[in-house]
Amino acid sequence: MSVLTNILQKKSTISPLQAAGLFILLAALLIVPTFSGMTTVTLFSRIFILAIFGMSYDILRGYTGIINLGHALFFGGGTYIAGILFNRIGPTLDVLLLAIVIALAFSAVIAYVMGQFAFRGTGFSGVIACAMITLAFGEIVRHTAETFREFTQGADGLTFRIPEIFQDRLMMYYYALLFMIIMTIILRQFVNSPTGRVLQAVRDNEQRARFLGYDTKKYKLIALVVAGMASALAGIMFALLTRFANTELLTVQSTLNALLYTIVGGTGTLYGAIIGTGFVQLAQNYLLELRGVHEIFSRWLIFFGAIYVLVVLYMPRGVIGAYYQLLASRQKRRKTE
Amino acid sequence: MNILAMLLINGLAEGALIFLMAAGLSIILGLLGVVNFTHGTLFIWGGYVSIWVFSLFGNFFIALAAAIIAGFLMGLVFERLFVRQVYGNVTAQILITLGLMTIFTDMVRLLWGPNPIPADRPEFMDGTWIAGGVIISQYRVFLIVVGILVAIGINYLINRTRIGMIMRAGTQSPDMVQAMGINIKVYFSGVFAGGAALAALGGALYVPLVGSVWSGMGIHNQILAFIVVILGGMGSFYGSAVGSIIIGLTVALVSWFYPPLTVYSTVLLLILVLSLKPEGLFGTAVRS
């Protein structure tokens, strides 16, 4: 009981040390482009955008305890909506605004409908049913994208032009960084809000939260809608970065990417997604460079799966969790000395 | 009328294939409380191993046996090394089986290449019968027979034998069974590996039906099997049998009249059933 009320009432603040750390990190990121090549700049932009995709998953997995295997449909949906509108109407800022509005509406509606069916059960079988039903929803959207080739070009992929101000790679880096910062602040506000506190209560003990009078299904729906909208926005940013969309974005693999970002970094932390995305993307890049050494290094997915299994088994709380554990054990040692 | 009879056979054959997947999933879920996302991957491995062995020996039944053995061994490894460590933790189970799914699906592409490989039906079953103006594919009849035999066999194993009794007792209270001097962990491994072998058999039988094997066929069939498992009621063996027939017939019917709707129809059916009966057709509580 006290744990629950603690979670419900806990205020979160940033200590001066953390603030200083954040400031230094931000300053470093701001000057990265001045002494690195375009490849690095694009890679970092990619990390910033995908981090929000991962973070949106953290709201589900880390803060609410939901496993959504169709989450890619929001991200890929955002990318496709932007791409199709740019192609059909034209690559202007007005169209971008339209794409944002449509993508937000699309993800909110789909999330609501999906949640209605996915969150029927509770407890053990509820989690399983949720995973299976969301998987089916994700596959339906992927299938739809592959069927309506006229709009999406199917598996070949859709190329499109983007508004002029996003065409400069260097500026895109700053837009992506800004996007990540703004979204992080918004999502942080959300998870620390009273609603966010209830989500954590649902994660820790859904039955108890329900007995306290919370309509847990409603709160799960809220989490899914917010996460869906956030990842749709990340999808639009991804469209601006890559100027390309294919159905790969909508596959289960794409969802698993987001899941891996959060579990590597540490679930239930939000920031973990940034660390996780950075780690996974850099590892992928590094391994692909080793392709010349041995053919096995081009099979990224095998490494992906291996990292994934190892993290789940041996580091279930991710990098941030391991860090806190280290701090705690150090403090304990100090106390005993 | 002729079309209906043909669709009935097609649907039942399709249902029998889905059943091989869904039965394994359902048994693993019902007895071990584990949701196994590697099932589609085992399905693919069954398909690839069978055509590989078929190309070596040229015997369809040796190929099927090889697929079953491969599935069984993979299931054993998965359970022993990974799934066993996360019993009781649903989220970790889902995550870890998803990771294995990724690794072993890509392993197929590494070993056999990314492109589909064509596969022929065994010659002695390639023919058709004509009965009352209806063309009946022998292979589909064979699938239906296999499905029925597997259903009867599993039902007998679980409900009529000592092994089945121990498994059911182990589901209720593993510690008690262990205390009576029976190593329940071996039985759990056996259940998991048995379910895996069924999935591999399903894959091996699926390949000759569609005429080729490719790495993407797993996820599609896995989703169908999931739909069956939820539709029939999670953990219910009868539910998965009835669900397989329903989904098989739906797929056959819709793909005959309007193919683009096939994928949607199964999910719509699931949604319909869940709105009327949230726990599925034969749903009971799953082990928690």
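Take the Cα of A:Y174, step 7 Å toward its Cβ, do the same at B:F61, and the gap between the two points is 7.5 nm.
Within 10 Å of each Cβ in peptide A:297-306, how many partner chain Cβ atoms are there on average? Round it to a whole number, please. Walk me through the numbers before you get to the answer.
Values: counts 0, 1, 5, 1, 8, 8, 3, 4, 10, 4.
Across A:297-306, the average partner-chain Cβ count within 10 Å equals 4.
Look at the stretch A:135-141: the mean tally of other chain Cβ atoms within 10 Å of its residues' Cβ atoms is 5.
A protection proxy built from the mean count of other Cβ atoms within 10 Å ranks the segments B:63-74, B:205-216, most packed first, as B:63-74, B:205-216. For the protein assembly as shown, lysine pairs with C-alpha atoms less than 28 angstrom apart, excluding pairs fewer than eight positions apart on the same chain, total 13.
Using Cα-Cα distances under 8 Å and only pairs 6 or more residues apart, what relative contact order does chain A have, in percent? Show your work: numbers first, answer last.
Values: 473 pairs, mean separation 102.1, N = 337.
It rounds to 30 percent for chain A.
At q = 0.05, 0.07, 0.10, 0.12 Å⁻¹ the log10 of I(q)/I(0) for the protein assembly as shown amounts to -0.23, -0.46, -0.94, -1.31, computed by Debye summation with a single uniform scatterer per C-alpha, solvent ignored. Using the average count of surrounding beta-carbon atoms within 10 Å as a protection proxy, the listed peptides A:213-219, A:34-40 rank, highest first, as A:213-219, A:34-40.
FRET efficiency for the pair A:E150 and B:I130, taken as 1/(1 + (r/R0)^6) with r the Cβ-Cβ distance and R0 = 41 Å, rounds to 0.50. A straight line joining the Cα centroids of the stretch A:220-256 and the stretch B:69-95 runs 30 Å.
Taking amide H atoms as placed 1.01 Å from N in the peptide plane, the amide H of B:V213 lies under 5 Å from those of B:I117, B:A119, each 5 or more residues away in sequence or on another chain. Computed on chain B, with alpha-carbon pairs under 8 angstrom and 6+ residues apart, the relative contact order is 38 percent.
I want to verify the translational diffusion coefficient of the stretch A:101-213 in µm²/s; compute it with Stokes-Einstein, Rh as the Kirkwood radius over Cα pairs, at 37 °C and 0.692 mPa s.
Values: Rh = 17.9 Å.
Estimated via Stokes-Einstein, D reaches 183 µm²/s.
What is the magnitude of the charge dipole of chain A about its Cα centre, with +1 placed on the Cβ of each Lys and Arg, -1 on the Cβ of each Asp and Glu, and no other charges, expressed in debye to the nearest 20? Present the calculation step by step, with values, prior to reporting the outcome.
On the way: 27 positive and 15 negative charges, 265 e Å.
With only Lys, Arg, Asp and Glu charged at Cβ, the dipole is about 1280 debye.
Taking neighbour counts of Cβ atoms within 10 Å as a proxy for exposure, in what order, fewest first, do B:T128, A:T144 appear? Display every interim value, and only then the final one.
On the way: B:T128 13, A:T144 17.
So the ranking, lowest neighbour count to highest, is B:T128, A:T144.
Counting other Cβ atoms within 10 Å as a rough exposure proxy, the listed residues A:F86, A:F148 run A:F148, A:F86 from fewest neighbours to most.
If each residue's Cβ is checked for other Cβ atoms within 10 Å, how do A:H71, B:H220, A:H143 rank with the fewest at the top? Mind showing how you got there, number by number?
Details: A:H71 31, B:H220 14, A:H143 19.
So the ranking, lowest neighbour count to highest, is B:H220, A:H143, A:H71.
Working from Cα pairs under 8 Å separated by at least six residues, relative contact order for the stretch B:147-242 is 12 percent.
For peptide A:311-320, how many partner chain Cβ atoms fall within 10 Å of a residue's Cβ, on average? Walk me through the numbers on the way to the answer.
Values: counts 3, 13, 8, 1, 0, 5, 0, 0, 0, 0.
Rounded to a whole number, the mean comes out at 3.
For the pair A:E248 and A:D94, the difference between a 0.36 nm per residue extended length and the Cα-Cα distance amounts to 52.7 nm.
We did not get these values from a lab; they are worked out from the coordinates using the rules stated. None of the values given here were measured: they were computed from a predicted structure. Here Cβ is always computed from backbone atoms with ideal geometry, including for glycine, and neighbour counts include all displayed protein chains.
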